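The values are calculated or read from the model by the stated rules, or taken from the named source; none is laboratory data. Small disclaimer: the values here were computed from a predicted structure and weren't measured. Counting neighbours? That spans all protein chains shown, and the Cβs are built from the backbone with ideal geometry, glycine included.
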């Protein structure tokens, strides 16, 4: 027979007996078991900025990292140096980024996409349809050359990591593929004009992008005795002769 105490306990827990095990415990011991407080949800080690202050802190870290990478090189830069430059605690840096490699990867993503967006805009078929082909080529070459001036210090570091880190190589190649795809789509759109001399559009896109990127990179890195304006003019003439009929 259930004692008065147990009946009293049962009334106390009325509405909270949500399982057979809890009910059995009450009957056996005559008391409601103490329920542990719900554990706090685990906080992800890396957080995305949700407030203006967080966004500003993240930007400070990225800007400080660029300055440190350019001043000391990637290998010699430490997370502590980045934190000092940003005037924040080292622990704050780790709140946003796992390590300096993660910082550089984010910088690569921003710089590479900025470059790709800029170049792809110059490959819009609508800009080429009714214009002089040589003028359009010159605009494209100008865009490809100018793209190499976006964060030149960062681009040097990225190329250094390109040969050492597969993830950097994949990221760079993905952006290059985006530009070549836009180039390929342009050639397909221009096919009906009967002006194109090339037939293998994929090969043409690869050759043009690789050649101009290499020339532009050499100029940005400071090739001795190089004249940028003359190089752009020569590259434009070369690509025009390669792509179009006389």
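Structural remarks
- Qualifying residue in segment 69-76 (condition: at positive phi and either surrounded by 12 or more Cβ atoms within 10 Å (Cβ to Cβ) or modelled with pLDDT of 95 or more (or both)): yes
- Residue ID - modelled with the highest pLDDT, chosen from residues in segment 136-156 that are out of contact with any helix residue (DSSP H, G or I) (no Cβ under 6 Å at 6 or more places or on another chain) and farther than 17 Å from residue 233 by Cβ: 156
- Residue match in segment 130-147 (condition: surrounded by fewer than 16 Cβ atoms within 10 Å (Cβ to Cβ) and touching a residue at least 60 places away in the same chain (Cβ under 8 Å)): yes
- When 140, 144, 127, 123 are screened for being in a loop (DSSP other than H, G, I, E, B) and more than 17 Å from the chain's Cα centre (by Cα), only 123 passes.
- Evaluation of residue 159 against (1) under 25 Å from the mean Cα position of the chain (by Cα); (2) at pLDDT 85 or above; (3) part of a helix (DSSP H, G or I) (one fails), failing number: (2)
- Checking residue 133 against (1) under 30 Å from residue 245 (Cα atoms); (2) at pLDDT below 85, the condition it does not meet: (2)
- Residue count for segment 80-119, restricted to those that are outside any loop (DSSP other than H, G, I, E, B) and under 20 Å from the mean Cα position of the chain (by Cα): 25
- Filter pass, residue 62 being at pLDDT 90 or above, within 30 Å of residue 197 (Cβ to Cβ) and surrounded by 16 or more Cβ atoms within 10 Å (Cβ to Cβ): no
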